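The values are calculated or read from the model by the stated rules, or taken from the named source; none is laboratory data. The model shown is predicted, which means the values in this text are computed figures rather than measured ones. We place every Cβ from the backbone using ideal geometry, glycine too, and count neighbours over all the protein chains shown. Accessible surface is based on the protein model in full, side chains and every heavy atom, while ligands, DNA and RNA are left aside. Shrake-Rupley method; radii C 1.70, N 1.55, O 1.52, S 1.80 Å.
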Amino acid sequence: MLLFAMGFLLVILQPSMGQFPRVCANTQSLLSKECCPPWDGDGSPCGELSSRGSCQNILLSQAPLGPQFPFSGVDDREDWPSVFYNRTCRCEGNFMGFNCGECKFGFSGINCTERQLRTRRNIFQLTTNEKNKFLAYLNLAKNIPSQDYVIATGTYAQMNNGSNPMFRDISVYDLFVWMHYYASRDTLLGGSSVWRDIDFAHEAPGFLPWHRAFLLMWERQIQKITGDENFTIPYWDWRDAEDCGVCTDEYMGGRHPTNPNLLSLASIFSSWQVICTRSEEYNSQQALCNATGEGPIRRNPGNNDKSRTPRLPSSADVEFCLSLTQYESGSMDKMANYSFRNTLEGFADPQTAISNPSQSGLHNALHIYMNGSMSQVQGSANDPIFVLHHAFVDSIFERWLRRHRPMLEVYPAANAPIGHNRENYMVPFIPLYRNGEFFKSSRELGYDYEYLQEPALQSFQDFLAPYLQQARQIWAWLVGAAVVGGIVTAVLTGLTKACRKKKRGTSEIQPLLIESEDYNNITYQSNF
């Protein structure tokens, strides 16, 4: 009870991040299309008086999209968040948040100048007290209301273009369940028509950066409502697992003794109500999930369709996936071959990297194996195993980034499915984040994984390694520049010798080719 009261107080006092800021979920903000709340520190919009940020027009990417979504102007998520707001806070330096009242991931302190690096650990290596604290934090988040964010219960058109706001309160945990649903829901086309081939968080390049941002925001919310600034999400290393090791009452809930599809009554999670699981009902009503409880968490691990997911992923599957050098390829969706992203997501065979949507590998395999709430994309975050699973998936993404050290340009800038280009804003996050902002090492974002922690660089060669890797990626350009430079040098040398010979042959004084005042205006440019 004391923990609940403490959390409630903290969540009132702290800003947060997620979906629609409560202070912008009103007629005035929707009609003006502006969400630039004041920062409590100085009372000015976006903390402008303290140089934290300012209210600016959002800058939307104009890069072309892939052909998967053949419509325009029918979905509120297109060009996020411009249907709802076209002016938001643009924060400076290391500040972030919907009102620039927070520090970027990896920074802390009054002026957000102190670097931080926290470590995510294997859930089986937590002490009993640490594990129990994690479970208590989850339950607190499920039962405490979000003070700064609300969810939309209707589309912008159903809100009469902003004049009739439709929002409701939601708990901190369910806020993230709803965001995952909202990013992956079908497009409502009117009548009984929907478009299913759309997903702003899956089946495309943004899958890994989106979930990385999602977990960071979720982690920060737990830190805030508990006051535990050092909290990190534990991960479940499922490689070579023979069964669901976390599916016990000691951890994430065991099996119900008489109904194998439900959780044991000894688990705190047996009383949780799921939300946003009835996609066909919402589609038939042309409605959004309104976060009403829809029954208990369902889970029956291992009793899944074996023809689709015969086993849990192996270490060999992961190692093969990590060997793939291309982050993305081809159509950049679930049909992509030899794509690290598509193989890790589970739409390509983890032994060949050839697309096979009829099978589920790696990430997808875990969801199917759980055979319940986790197995439906839109409502999968209802099961708290979701965060353990995705933390480990994120660690594999991190291993790939460290092994291949890709430049940002490796992430597709254009022609990806809607919402997945590098400069597209992630749906449905406010404050705004672009996909490319999370295509970087986790250590730059303030966290690491215990099993990936590396010793300090021991030699000059280790120090140079990442730079040599980047040099190899532009080696052809460097060679070309050297050849061109050699030719130019030879030509200039020849001209100089010729001029000297000519000068020795005449006593006529030659004027300067460039007057002194013009000489200072010359700029030397090199163009590859």
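Taking amide H as placed 1.01 Å from N in the peptide plane, F95 has its amide H under 5 Å from the amide H of K104, each at least 5 places away in sequence or on another chain. Of the peptides 88-99, 109-120, 426-437, the order by per-residue mean of other Cβ atoms within 10 Å, starting with the highest, comes out as 88-99, 426-437, 109-120. Derived scalar couplings between HN and Hα for the stretch 226-237 equal 9, x, 9, 5, 9, 5, 9, 6, x, 10, 10, 7 Hz in order, rounded to whole Hz, by the Karplus curve 6.51 cos²θ - 1.76 cosθ + 1.60 (θ = phi - 60°), x for Gly and Pro.
Does the stretch 325-381 come out rounded, prolate or oblate by the C-alpha gyration tensor, with a ≥ b ≥ c the root eigenvalues, rounded set by a/c under 1.5 and, if not, prolate when a/b is larger than b/c and oblate if not?
Details: a/c = 2.54, a/b = 2.00, b/c = 1.27.
Prolate is the answer for the stretch 325-381, as a/c is 1.5 or above and a/b outweighs b/c.
The stretch 175-217 and the stretch 69-115 have Cα centres spaced 18 Å apart. Label sites at Q116 and L31, each approximated as a point 7 angstrom past Cα along Cα to Cβ, lie 4.0 nm apart. Using θ = phi - 60° in the Karplus curve 6.51 cos²θ - 1.76 cosθ + 1.60, the 3J(HN,Hα) couplings for the stretch 253-262 round to x, x, 7, 5, x, 10, 10, x, 8, 10 Hz; x is entered for Gly and Pro.
The phi-based Karplus calculation (6.51 cos²θ - 1.76 cosθ + 1.60; θ = phi - 60°) puts the 3J(HN,Hα) values of the stretch 115-121 at 6, 10, 9, 9, 10, 8, 10 Hz, whole numbers, x for Gly and Pro. Under a 5 Å amide H cut-off, with hydrogens placed 1.01 Å from N, R118 pairs with Y447, D448 among residues at least 5 apart or on other chains.
Ranked by solvent-accessible area (1.4 Å probe, protein heavy atoms only, all chains present), the residues F107, F269 order from largest to smallest as F107, F269.
Take 329-342, 284-297, 25-38 and order them by the average number of nearby Cβ atoms within 10 Å per residue, most first; the result is 329-342, 25-38, 284-297. Considering only Cα-Cα distances, which of the following residue pairs are longer than 27 Å: K131/K306; K33/K142; K104/K142; K133/K306? In this structure, K131/K306; K33/K142; K133/K306 exceed 27 Å between Cα atoms. Computed on the stretch 248-305, with alpha-carbon pairs under 8 angstrom and 6+ residues apart, the relative contact order is 33 percent.
The relative contact order of the stretch 329-382, computed from alpha carbon pairs under 8 Å that lie at least 6 residues apart in sequence, is 22 percent.
The H on the amide N of I430, modeled in the peptide plane, is under 5 Å from the matching H of G18, Q19, each at least 5 residues off or on a different chain.
Placing one identical point scatterer on every Cα of the stretch 101-146 and ignoring solvent, what is log10 I(q)/I(0) from the Debye formula at q = 0.32 Å⁻¹? Ignoring solvent entirely, the Cα scatterers give -0.98. Ranked by the mean number of other Cβ atoms within 10 Å of their residues, highest first, the peptides 178-187, 345-354 come out as 178-187, 345-354.
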